[in-house]
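The values are calculated or read from the model by the stated rules, or taken from the named source; none is laboratory data. All of these numbers come straight from a predicted model, not from anything done at the bench. Ideal geometry is used to build each Cβ from the backbone, glycine not excepted, and the neighbour counts take in all protein chains shown. When the accessible area is computed, the model is the full protein with side chains, heavy atoms only, and any ligands, DNA or RNA have been set aside. Shrake-Rupley method; radii C 1.70, N 1.55, O 1.52, S 1.80 Å.
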Amino acid sequence: MLDFTFSDEHEEFRQTLRGFGRKELLPGYTARSASTEFPFELLAKIGRLGVLGIGLPEKFGGTGHDDPVLLGVATEALAYGDVNLASAPIQVGLVGAQLLHGSEEVQERYLPPVIAGTENLAIALTEPGSGSDASALRTTARRVPGGWLLNGEKTAISWAMSASASLVYAREEGSTRSRGVSCFVVDMASEGVEVRHMMGMGCLPLGWGSIYFDNVFVPDSHLIGEEGRGFQVAMNHFDFSRAAIGLMCLGAAEQCLEEAAVYATQRETFGQPIAQYQGVSFPLAEHATYIEGARWVCYRALWSRQENRSHTSLASMSKWWAPVVAKDAIEASMKIHGNLGYSAEFPLQQRFRDVMAYLVADGTAEIQKGIISKEILQKGTVSL
Ligand SMILES: Cc1cc2nc3c(=O)[nH]c(=O)nc-3n(C[C@H](O)[C@H](O)[C@H](O)COP(=O)(O)OP(=O)(O)OC[C@H]3O[C@@H](n4cnc5c(N)ncnc54)[C@H](O)[C@@H]3O)c2cc1C
């Protein structure tokens, strides 16, 4: 039977996090977004709400059972307050899921602080010569007694400036494409690691940057998953993060639309509130419709993941469409605010700049459409 309602547990969590997002995160969002420092004290508060341990082992502070829908609910709700902080549960979800393929030593070192929100890890896949074509990466891992030596450069990496370690994808010398790529946990304080900050148009607190590896020694215990199969593990988890990113962008857009609706009833021109003009009220209706449609694609992807159903195309639909829907809704909300929509003192333009990142990060629209169209062309339809 079809049921589009959240379970009681999900609904309660959603209300708690929406309240938290609006009360604790929203007031400082604009000021925090202008800083390149990540607010770990707020991340720890989010950790205490149980958001960062969803699906991770109880012995490290997690919930113990996988619940991708709950993670989606959390990111959408937190994005009402602060898009950048709302991205942390997605990063932790991706990092945590990969660390579970690592040694006990690595899990004990990194999972407790990541779940508590006191530390985070970067995911270092993209390189100057390989982004969409990720398996063209060139960073190398050379076998030496007791471990590996890493050499190469990663770029456009979120959390590069504040992470205590990164998951680094590197290939065996002489290997090509995805074969021979392994994943390693590299402590950012290791000898030979250097980071350089990159300024973006938004997402400043995420500490975007390049990471350089110059003969960096990584011990055997820091290999994640099987040697030479790191790429496959990473790709599987993107099916979760793509849907969650969609919901995060939509959460920010929903907040903008609500602000625009309030403003439209208060602002008067020509003797009446601007909400009386269909030129103002119809965009509210149109963008609310697009958001509603996109939300359910994202939730369906997460639900399908939970139910072990095919969801790669749904995740790609979420990833290419929801950020576009969100960006357009935010732009419409800015326009309804007139000059105030452009003002740096209002959060609308900041949300626009932050959400723009997700048109590219985690895979561009063209790459997502390639995944969906491949399935359509092979099977005649997407398997839903
Ligand atoms: C804010 C932000 C945060 C990021 N964080 C991280 C991170 O934490 N870790 C990480 O590893 N990476 C990160 N990235 C990098 C991101 O994953 C890549 O930028 C993205 O995958 C695109 O790669 P590229 O920039 O090299 O673009 P390219 O791959 O060079 O693509 C350039 C253009 O060509 C198009 N294109 C490429 N191939 C095709 C094709 N086959 N068909 C049609 N069009 C195509 C693309 O869609 C794009 O429009 C981040 C990026 C951003 C913007």
* Of the residues that sit in the range 124-155 and are without any contact (Cβ under 8 Å) to a residue 60 or more places away in the chain, outside any loop (DSSP other than H, G, I, E, B) and in contact with a strand residue (DSSP E or B) (Cβ under 8 Å, 6 or more places away or on another chain), which one is most open to solvent (accessible area, probe 1.4 Å)? -> R142
* Asked: Assuming D220 fulfils every condition listed in (1) in contact with a strand residue (DSSP E or B) (Cβ under 6 Å, 6 or more places away or on another chain); (2) free of Cβ contacts under 8 Å to residues at least 40 places away in the same chain; (3) open to solvent by 30 Å² or more (accessible area, probe 1.4 Å) apart from one, which condition is it?
  -> (2)
* **the range 327-339, residues that are in contact (Cβ under 8 Å) with a residue 12 or more places away in the chain and surrounded by fewer than 23 Cβ atoms within 10 Å (Cβ to Cβ)** => K327, D328, E331, A332, M334, K335, H337, G338
* Scan of the range 156-202 for residues that are outside any strand (DSSP E or B) and hydrophobic (A, V, I, L, M, F, W, C), ordered by number -> W159, A160, M161, A163, M188, A189, M198, M199, M201
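Determine whether R229 is at pLDDT below 95 and more than 12 Å from the ligand (Cβ to nearest atom).
Yes.
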* How about the range 112-123: which of its residues are open to solvent by less than 10 Å² (accessible area, probe 1.4 Å) and either over 18 Å from the mean Cα position of the chain (by Cα) or within 16 Å of the ligand (Cβ to nearest atom) (or both)? -> V114, N120, L121, A122
* To do: Return the residue satisfying two criteria in turn: it lies in the range 340-355 and is away from the ligand (no atom under 15 Å from the Cβ) and open to solvent by less than 40 Å² (accessible area, probe 1.4 Å), and of such residues it is nearest to W296 (Cα to Cα).
  => L348
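Per-residue answers, yes or no, for (1) assigned to a helix (DSSP H, G or I); (2) modelled with pLDDT of 95 or more; (3) in the same structural domain as L247 (by TED's automatic domain parsing); (4) touching a Gly at 6+ places or on another chain (Cβ under 9 Å):
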site: Q15; (1), (2), (3), (4): yes, yes, no, no
site: F38; (1), (2), (3), (4): no, yes, no, yes
site: G55; (1), (2), (3), (4): no, no, no, yes
site: Q91; (1), (2), (3), (4): yes, yes, no, no
site: E108; (1), (2), (3), (4): yes, yes, no, no
* Asked: What's the number of the condition S158 fails, among (1) more than 15 Å from the ligand (Cβ to nearest atom); (2) under 29 Å from V51 (Cα atoms); (3) of a type in the set (S, T, N, Q)?
  -> (1)
* To do: Quickly run through the range 356-372 and pick out the residues that are open to solvent by less than 50 Å² (accessible area, probe 1.4 Å) and either farther than 18 Å from V297 by Cα or free of Cβ contacts under 8 Å to residues at least 12 places away in the same chain (or both).
  => A357, A361, G370
* **Exclusive hit being in contact (Cβ under 8 Å) with a residue 40 or more places away in the chain, of a type in the set (K, R), open to solvent by 30 Å² or more (accessible area, probe 1.4 Å) and over 28 Å from L340 (Cβ atoms), set R196, R229** => R229
* Asked: Would the range 236-251 turn up any residue that is without any contact (Cβ under 8 Å) to a residue 12 or more places away in the chain, open to solvent by 20 Å² or more (accessible area, probe 1.4 Å) and away from the ligand (no atom under 14 Å from the Cβ)?
  -> yes
* **Test for V95: is it in contact with a helix residue (DSSP H, G or I) (Cβ under 6 Å, 6 or more places away or on another chain) and either buried (at least 21 other Cβ atoms within 10 Å of the Cβ) or closer than 28 Å to M356 by Cα (or both)** => no
* To do: Can you work out which of the residues in the range 373-384 that are assigned to a helix (DSSP H, G or I) and either of a type in the set (G, A, S) or more than 16 Å from the ligand (Cβ to nearest atom) (or both) is least open to solvent (accessible area, probe 1.4 Å)?
  => S373
